[in-house]
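The values are calculated or read from the model by the stated rules, or taken from the named source; none is laboratory data. Here the structure is a predicted model, which is why all the values come from computation and not from measurement. Neighbour counts run over all protein chains shown; Cβ positions are idealised from the backbone, glycine included. Surface areas here come from the heavy atoms of the whole protein model, side chains and all, with no ligands, DNA or RNA. Shrake-Rupley method; radii C 1.70, N 1.55, O 1.52, S 1.80 Å.
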Amino acid sequence: MKFQARASNIVKIKADALIVFCRENGYGKDDLLKSLDRVLGGVIKNAASSEEFTGKSNQTFILYPGKPALSARVILVGLGEDKKVNSDSFRQAAGTASRLTAVKKSKDVAFYLGQGEKDDVAQAIIEGFQLGRFNMLDYKTDNNNGKSKLATVSIYGASAGQISGFEKAIKRGEIIAESVIMARRLAMHPGNVITPNSFALEAKAAARKYGLKCTVLDEKRIKAEKMGALMAVGQGSDQPPRFIILEHRRGGTSKPVVLIGKGITFDSGGISLKPSAEMDEMKGDMTGGAVMLSVIAAAARLKLPMNIVALVPLAENMPSGRALKPGDIVKSRKGKTIEIISTDAEGRLILADALDYANKFKPQAVLDMATLTGAALYVLGHAAIPIIGNNSKLIGALWGASERTAEKVWEMPLWDEYREQIKSNIADIKNSGGRPAGTLTATAFLENFIGDWPWVHIDIAAVDLEKTGRPYIPKGATGIGVRLLIDLLMHWKKL
């Protein structure tokens, strides 16, 4: 598919579908809509007067002009109240439009932006459009009906002066959307396809494609690194663990930002077996790892001038005669001993060894992301991501990225009461502090393995899966966190 920027008068555009954005009840102040309406014979004014189309958020209205000189379809999409319109309003509207049958049947689609719209709006449109139309067809035996014939997507500005900025924004949007889709696809593949080893092969392929350095530690090298916590989680499975190190080096001698993603390719709960209901969703317990792979691939494609390292510990958590048991004690790479209370609290174990391994790179900051705790649902519901860290500047930078991307985060505390909950009577710490404040006690556990650097833990367990569908997030894996972290890195400032 080709993405391009053009300049034209709105009434001179010819496309299978011309998409025009409208603010709520804004017809009277919108000269662009009025000029288009004059050519269309007043149908937009009539729709506004009758309140058939008011421009409410994600409302659509399709017109068929029937004139050879005009686009075959003109699609009005609402942005909502003018005072609330931001780049995500355009992202949502583009995502909504992407799933209309009139758009799906089109070979060329045009979006029109007036003189006042900024480059970030063009980027948001491409992101929303591509993410909204994503559809996982890999396992459909007859998927021809789901394949799009779309060949060209154009963003038109009112003047030639807008084009250069739009072109750069379109390219960014294309890369970012493809990166989110990469994470979604990895998370949606079943556990018999994505195993620790096949995930590692995906990482190697991405590294070759985008110019990253990739090192994969097999079980022998993992043992040599004394990653006892990672080995313990993987010992119950026939699929051996892996540990991925990806490096993007464009920052000279500066210290790297280290990204760590949880990679449990299937989580049965181990001996502490999960209930059967919705256990199929546990194929997505490697979403944190998928996000970090996608983020560092995007950083390479965007040629970000910095050093980034991504670490992904990978294991399959299964019950067997060899499996880790409640009551066992394991030794982490750091040397700390861990009493196992629940084998279903396995993600923090593999992250523990990865957090300690991060010290090898003398990082300027570390961020870890994981589908870590079911308790995250009871912290912020499905609306936002709880974040917990030790550095206000890093937390603030994530806030800024959240505002720009509409991937909502909220800082939670890490108090001594939570640290007390994970103390063990017979080992240094235990891997579960019980149900109360489960997201925060899990973070208190991870804190034991960080070095002397700024750190933030990001728990996406309540937001990694969409069950109903939203404008640019169809049902299935969301890929949330990719846009958030890419934006953070694009705006990175030394802490």
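Would you mind stating whether residue 368 is acidic (Asp, Glu), over 30 Å from residue 470 (Cβ atoms) and at pLDDT 95 or above?
No.
Go through (1) part of a loop (DSSP other than H, G, I, E, B); (2) within 12 Å of the chain's Cα centre (by Cα) for residue 451 and report which single condition fails.
So residue 451 meets the others, but not (2).
Residue-by-condition table, conditions (1) surrounded by 22 or more Cβ atoms within 10 Å (Cβ to Cβ); (2) modelled with pLDDT of 95 or more; (3) touching a Lys or Arg at 6+ places or on another chain (Cβ under 6 Å); (4) at positive phi:
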| position | (1), (2), (3), (4) |
| --- | --- |
| 382 | no, yes, no, no |
| 390 | no, yes, no, no |
| 414 | no, yes, no, no |
| 423 | no, yes, no, no |
| 428 | no, yes, yes, no |
| 435 | no, no, no, no |
| 440 | yes, yes, no, no |
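Taking region 177-197 as the search range and keeping residues that are open to solvent by less than 10 Å² (accessible area, probe 1.4 Å) and more than 12 Å from the chain's Cα centre (by Cα), which one is farthest from residue 138 (Cα to Cα)?
196
Among the candidates 211, 165, single out the residue that is on the phi > 0 side of the Ramachandran plot and open to solvent by 10 Å² or more (accessible area, probe 1.4 Å).
Checking each option against the conditions leaves just 211.
If you go through region 316-330, how many residues are surrounded by fewer than 17 Cβ atoms within 10 Å (Cβ to Cβ) and either within 24 Å of residue 200 (Cα to Cα) or touching a residue at least 40 places away in the same chain (Cβ under 8 Å) (or both)?
6
Please find, within region 25-53, the residue that is surrounded by the most Cβ atoms within 10 Å (Cβ to Cβ) out of those that are assigned to a loop (DSSP other than H, G, I, E, B) and of a type in the set (D, E, K, R).
30
Give me the residue from region 1-24 that is of a type in the set (Lys, Arg) and not in a loop (DSSP other than H, G, I, E, B) and, out of that set, surrounded by the most Cβ atoms within 10 Å (Cβ to Cβ).
It comes out as 23.
Of everything in region 468-486, what is of a type in the set (A, V, I, L, M, F, W, C) and closer than 16 Å to residue 189 by Cα? Give them in sequence order.
Hit for region 468-486 is 477, nothing else.
Failed condition for residue 27, given (1) touching a residue at least 12 places away in the same chain (Cβ under 8 Å); (2) under 22 Å from residue 153 (Cβ atoms); (3) among the hydroxyl-bearing types (Ser, Thr, Tyr), with all others met?
(2)
Could you list all residues from region 454-486 that are open to solvent by less than 20 Å² (accessible area, probe 1.4 Å) and under 19 Å from residue 366 (Cα atoms)?
Hits for region 454-486 are 455, 456, 457, 458, 459, 460, 481, 482, 483, 484, 485, 486.
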